[in-house]
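The numbers here are math on the coordinates, done by the rules we state, and not lab data. All values derive from a computational prediction rather than experimental measurement. Don't worry about glycine lacking a Cβ; one is built from the backbone with ideal geometry, like all the others, and counts go over all protein chains shown.
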Amino acid sequence: MLLIKLSKLILMLTLSGLLIIGCNQESGSASDSEAADENTAILEADEQEVDAGIVDVTTSDFKIHAPAKLKKGWTTFRFTNNGKQVHFVGMYRLVEGKTIDDQLRDVAPVFNPLMEGLRRGELTKADIGPFLQRNIPEWGLQMTWVGGAGLLAPGDKTESTFYIDQSGTYLLECYVKAPDGQWHTLMGMLHQVVVTDEMNDAVEPEAYHEVSVSNSGVDAPQTIPAGRQTFKISMLEQPEGFMPYDLNLARLDGSVSIDKIAHWMDWTNPGGFRAPAPVDFLGGLEHMDAGNHGYVMVDLEPGEYIWISEVNAGTVNKTFVVK
């Protein structure tokens, strides 16, 4: 049982793309003054709205701008992507006593030789688990994913709500690849948040529509009216040997096949998770364990859309129409 559990944790981290490749942060990054102004605005919003569980989260190329401290309870990420590349913001809890510095020192370097081996063909997908088991400390395989805001196209906005039930040290991360193959994580898109023992005053949202994710796929309404919509997304099952499911929303334009989108969702593929994305992503709900649920609030125009998970994207997807 211990070996099975460890193997599952290893593969969870593998699919998370956690802290993959060290990169040059200067290319395409916001200026120091722009970053300072944005962080000041976020801190001011945090002071005003932290009790209500409202969190302004902004991404740029390449940084996650968010508060450094939150309370437990229902938490809404009002996510704005000010970057020129697609980004997301996943949130996970580190084991007790570990911080972003430990993650950067003990976990991040491992992915340099791993990714290089995959690119050169010296390693295969079957080698990833054993490689991580040999090179990553045990604590580095024990993060707890709680949610976050899904993939979002440049210049767009979305909202995602999820429940934080434990205090501790959390990280916010985006591990999309830049066009040159470098990973956003170590280009600066890793942000530490401390969750206190205090509870916020937020209440659970009410949803217009329900969506569920299981090992057999996505169950969701086939037709949705246009306008502002709230979706309740429930993670019903845990994928065998993989990290928890997420669910991302994208608009289809008829020029890209579902197979191509699913191929892009797999970071181990040569062009997988590499900007630009093949479709315009509108947000979603990031990874969380089975038995949990969250909410996505989004404005929808008439057209065809798809729900798709990074995990098992080829089968865990569902198209629908907005009228």
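Descriptive notes on the structure:
- For the range 71-119, the dipole from Cβ point charges (+1 on Lys and Arg, -1 on Asp and Glu) about the Cα centre works out to 360 debye, to the nearest 20.
- Placing pseudo-labels 7 Å out from each Cα toward the beta carbon at residue 237 and residue 259 gives an inter-label distance of 2.4 nm.
- By the count of other C-beta atoms within 10 Å, a proxy for reagent exposure, 286, 116, 173, 96 are ordered fewest to most as 96, 116, 173, 286.
- Net charge over other residues, Cβ less than 13 angstrom from the Cβ of residue 123 (K, R count +1; D, E count -1): +1
- When the Cα positions of 113, 142, 94 are compared along the charge dipole of the range 82-158, 113 comes out farthest toward the positive end, with charges on each C-beta of Lys, Arg, Asp and Glu.
- Spatially proximal lysines relative to residue 177 (Cα-Cα < 25 Å; intrachain offsets below 8 disregarded): 8, 63, 84, 125, 157, 260, 318
- Taking amide H positions as modeled 1.01 Å from N, with prolines and chain starts lacking one, the residues under 5 Å from residue 277 and 5 or more places away or on another chain are 86.
- Dipole check for the range 171-323: with +1 at the C-beta of Lys and Arg, -1 at the C-beta of Asp and Glu, and the Cα centre as origin, the magnitude is about 560 Debye.
- A simple spin-label model places pseudo-atoms 7 Å from Cα toward Cβ; at residue 215 and residue 99 they are separated by 4.1 nm.
- Each of 309, 227, 257 was scored by the projection of its Cα onto the charge dipole of the range 223-323, and the greatest displacement toward the positive side belongs to 227; charges sit on the C-beta of Lys, Arg, Asp and Glu.
- Neighbour-count ranking [beta-carbon atoms within 10 angstrom, fewest first] of 274, 251: 251, 274
- In units of the compact-protein estimate 2.2 N^0.38 Å, the range 189-323 shows a Cα radius of gyration of 1.09.
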